[in-house]
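Only one structure is covered here, and it is reproduced in the block below.
Please treat every number below as a calculation from the coordinates, not as lab data. Computed from a predicted model, the values in this text were never measured in an experiment. Ideal geometry is used to build each Cβ from the backbone, glycine not excepted, and the neighbour counts take in all protein chains shown.
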Amino acid sequence: MEGLYEKLQATSPVSAVILAIAVILAAGFLMTRLTKPLRLPNVTAYIVAGILIGPFCLKAVPQNVIKDSAFVSDIALAFIAFSAGEFFRVSSFRGKEKQLLVITLFEALIASLFVFVLTFFVLKLGLAFSLVLAALASATAPASTLMTIRQTGAKGDFVDTLISVVALDDVVSLFAFSVAISVAMASVSGVVESKTVLLPFAYNLLMIALGGAMGYLLKLLMTKRSTDNRLIVSIALLFALCGVGAALGVSPLLACMVMGAVYINASNDDKLFKQLNYFSPPVLLFFFVRSGMSFRLDTLFDASARIAGVPLLVIGVLYFAVRIIGKYTGAYIGCKISRKPKKTTNTLGLALIPQAGVAIGLSELAARTIGGETGEVIQTIIMSSSILYELIGPAMAKLALVLSGAIGGKDAVTEEKVPQKTERELLIERMNAIQAEIDKDNYARSEEEKAFSEAAEEYGKLLYGNDRNRKFINRR
């Protein structure tokens, strides 16, 4: 592949870039075909695909494409953060704010505290490195956990608490990272002044305010907007927010999350989130595969790779274990203080183990901001541990759901309690099942695709009128 790219770079550089993008998308898709039978999340497949086609294995993508596509990280994380804002409906937190806040703060910050004590006081790895790695330890990846909840149909106090804590967790981790990276940069420069620390903090507050304003502006622009332009307007505002954040030198993630939260509470319109979720998979695939290609596989297992005399592999293994202990301990203490049921208290921490998504994006941002060996090592540790977390995450989440009684517990409805159905009711159920299967094979679509297709349908009405559009939709 290297020889082919060299020839294309000399004759047609554009074709080399397009071919590389095709390889990235194809590799991510094909890897999901292998990981799907194992019931692993797609994030894991994308990262592994990136490692395989990256510069340390098959070298199927040229280094310049990896380097010049750094902007994709900001775009992908903007989508992730904005989508996370949908979960911050005021109605869903009403009456439970204090409980959820206490649990979230303890599970996130105790994990960070444990990692900071390990890296700074025990391993003596330096303030900048310890602060940033500790802040990243607070982040949780909800994808595999939420997927398990949907698959099992689990319900109850445990599930309600878990979903709310996971939603709030990203806010805490983003805020902690913003503070940590500011202090870390000040310590690296050797000049720790109040201005050096407070100015980035002020920029973050400014970005949060701007995100809120953008969210309300988005609501105003969506009021009488044709559906074919909803994606254009929303993406334009998201990109603008990312651009301002990049210009100020701060992460736009928190601002994008605030933008999503303000929009959902001001408009109560979840269709836009579904449209974006249907549009964003190729962008997210590219981002995670690219993260895998940036993973320094050689550095992780290089015996000479050390930070302050400590082998990198040892740091990675200790980080992996200590973060799990911190997450479980923090969730346990938070639930105890909040007087949650015993089963929730004993098992919530098991479902908070996965780490990917936001953590990977932040590690790449840290590597770019701090630079040098410190930045590369942070990204390497987060990437390698995220793969392991995603491998064990689904199993731990299912174990937590079983032990908490959310599925298969005493609270589950037993067959003896279910009244016997008449032959007529059984026949109706069977007919409905057959119809559902027909719909699934021919017409059923995900909510995201339905939302996206509704936009296309309205656009077709504008262009061709109702009759032609109806024929187009029916041909699908």
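Numbers below:
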{"quantity": "Euclidean distance of C-alpha centroids, segment 343-400 and segment 248-279, integer Å", "calculated": "23"}
{"quantity": "Total formal charge among the other residues, if their Cβ is under 14 angstrom from that of residue 173, Lys/Arg +1 and Asp/Glu -1", "calculated": "-1"}
{"quantity": "Surface/4 estimate of mean projected area, convex hull on alpha-carbon atoms of segment 230-321, nm²", "calculated": "9.1"}
{"quantity": "Whole-number percent relative contact order across segment 267-352, with pairs defined as alpha carbons under 8 Å at least 6 apart", "calculated": "16"}
{"quantity": "Over 21 Å (Cα to Cα) - which of 155/219; 155/398; 36/327 fall in this group", "calculated": "155/219; 36/327"}
{"quantity": "Mean separation of Cα contacts under 8 Å (6+ apart) over length of segment 307-376, as relative contact order %", "calculated": "22"}
{"quantity": "For segment 1-75: rounded, prolate or oblate by the Cα gyration tensor [a/c cutoff 1.5]", "calculated": "prolate"}
{"quantity": "Length-normalised contact order for segment 29-175 - Cα pairs under 8 Å, 6+ apart - percent", "calculated": "22"}
{"quantity": "Quarter of the Cα convex hull surface for segment 51-181, i.e. its orientation-mean projected area (nm²)", "calculated": "11.1"}
